[in-house]
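Please read the structure below before turning to the comments.
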Amino acid sequence: MSAVPVAPPESLEDYAAATAGCTRCRLAQGRTQVVFGAGNPRADLMFVGEAPGFHEDKQGVPFVGQAGKLLDGLLAGIGITRDDVFVANVLKCRPPGNRDPQTDEIEACEPHLFRQIELIEPKVIATLGNFATKLLSGRPLGITRVHGQEKELTIAGRSVLLYPLYHPAAALYTPAMLKVLEADFARLPALLGRPAQPAAMPEPVGEPEPEPAVAAPAEQLGLF
């Protein structure tokens, strides 16, 4: 049974509180907390990643590890900050060992994501990696084929521009991917109808910080 009430909450804040005790899937048994999402509740630009990792599970905020630092740098490079956007994941709870999301977990959690989209009403949804891209596009094409190619779709009952991107973690494992990410991110201001405001990129992020030995992550295969 889900802890989410039948009547839809009126605000994103209400909905976050309602999902805090969600037990729709088995991931509820091993999580520290639900990682609902964070950022501007009326953002024009929404990012959707895959699932929380170790640090996200502990802090309750998406993209706070090395991939999150790289995301911050990519945003800074186009004159945007985390306060300007909303960041969420397909799954709101961390899969054991950072394994890939499973089909039944995605099906159980996707109503939360679609309700977030309804409440935020973004103009552009940038998907990060395969799982978010396939779910929101409704197509099986992998991120390698569709990254950087925007498409207007109806999602959660409203017209939005879907813009697939590689997951920032891809650049941590394959440094050459950073140039691809930078090029794809550079198009975001235009997609939002804004003039480009380039800013200096921060120093490159180093190697991913290892998680504690008791919770070493498995390599996620859904990034490419």
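Under the Karplus relation 6.51 cos²θ - 1.76 cosθ + 1.60, θ = phi - 60°, what is the ordered set of whole-Hz ³J(HN,Hα) values for the range 37-43, x standing for Gly and Pro?
After applying 6.51 cos²θ - 1.76 cosθ + 1.60, I find x, 7, x, 6, x, 10, 5 Hz.
Please compute the modelled spin-label separation between Ala76 and Glu107, points set 7 Å along Cα→Cβ, answer in nm with one decimal.
So the label points at Glu107 and Ala76 sit 4.3 nm apart.
What translational D, rounded to a whole number of µm²/s, comes out for the range 1-118 from Stokes-Einstein when the hydrodynamic radius is the Kirkwood one over Cα pairs, at 10 °C and 1.306 mPa s?
My calculation gives 109 µm²/s for D.
Would you compute the Debye intensity of the range 60-194 from its alpha-carbon atoms alone, equal scatterers and no solvent, and pass along log10 I(q)/I(0) at q = 0.15, 0.20, 0.21, 0.22 Å⁻¹ to two decimals?
Taken in order of the listed q values, log10 I(q)/I(0) reads -0.74, -1.44, -1.61, -1.77.
Before anything else, pin down the relative contact order of the range 28-157: Cα pairs under 8 Å, at least 6 apart, normalised by residue count, whole percent.
33 percent
Test of understanding: what is the full-extension gain from Arg145 to Ala183, defined as 0.36 nm times their sequence separation minus their Cα-Cα distance?
12.1 nm
Quick one: which residues, 5 or more positions from Ala126 or on another chain, have an amide H under 5 Å from its amide H? H modelled 1.01 Å from N in the peptide plane, none for Pro or chain starts.
Met46, Phe47, Val48, Tyr163
Nothing charged except the Cβ atoms of Lys and Arg (+1) and of Asp and Glu (-1): what's the magnitude of the dipole of the range 47-154 about its Cα centre? Round to the nearest 20 debye.
Rounded to the nearest 20 debye, it is 240 debye.
Rule-based calculations on the coordinates, nothing more; no lab input. Bear in mind that the values here come from a model prediction, so they are computed numbers and not experimental data. Using ideal geometry, Cβ is built from the backbone for each residue, glycine included, and neighbour counts are taken over all protein chains shown.
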